[in-house]
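The next block holds one structure in the form of structure tokens; read it before the comments.
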Amino acid sequence: MSRVADVRKFMSEVKVEAKKVTWPERRETLQSTLMVFVMVIFIALFLWLVDSSLSWLVRQVI
């Protein structure tokens with residue numbers, strides 16, 4: 001097969017498989033996105049607190 005034919009076959013298979021996918025509802029997507037943002041902020045604050053505490057501790061020792 002030629003390269004062009006391979007690409008066309010691949011693209012048609014991708015189209016068929018994409019139709020089989022069960023996509024999440026808008027509400028579910030928004031909830032998941034919000035949860036990810038909340039967790040990222042929580043972890044960032046936690047790491048900032050740990051970093052600040054360790055920096056303070058090292059400064060006290062030195």
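The values are calculated or read from the model by the stated rules, or taken from the named source; none is laboratory data. Owing to the predicted nature of the structure, the values given are computational and were not obtained by experimental measurement. Glycine gets a Cβ as well: all are built from the backbone with ideal geometry, and neighbour counts include every protein chain shown.
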Pairs with Cβ under 9 Å, 6+ apart, first in the range 11-29 and free of Cβ contacts under 8 Å to residues at least 60 places away in the same chain, second in a helix (DSSP H, G or I) and hydroxyl-bearing (Ser, Thr, Tyr) | Trp23/Thr29; Pro24/Ser32
Looking only at the range 30-43, which residues are among the polar types (S, T, N, Q) and within 12 Å of the chain's Cα centre (by Cα)?
-> Ser32, Thr33
Failed condition for Trp23, given (1) modelled with pLDDT under 95; (2) among the hydrophobic types (A, V, I, L, M, F, W, C); (3) surrounded by 10 or more Cβ atoms within 10 Å (Cβ to Cβ) = (3)
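Residue-by-condition table, conditions (1) in a helix (DSSP H, G or I); (2) surrounded by 10 or more Cβ atoms within 10 Å (Cβ to Cβ); (3) not hydroxyl-bearing (Ser, Thr, Tyr):
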{"residue": "Asp6", "(1), (2), (3)": "yes, yes, yes"}
{"residue": "Phe10", "(1), (2), (3)": "yes, yes, yes"}
{"residue": "Glu17", "(1), (2), (3)": "yes, no, yes"}
{"residue": "Arg27", "(1), (2), (3)": "yes, no, yes"}
{"residue": "Leu30", "(1), (2), (3)": "yes, yes, yes"}
{"residue": "Ile41", "(1), (2), (3)": "yes, yes, yes"}
{"residue": "Leu47", "(1), (2), (3)": "yes, yes, yes"}
{"residue": "Ser55", "(1), (2), (3)": "yes, yes, no"}
{"residue": "Val58", "(1), (2), (3)": "yes, no, yes"}
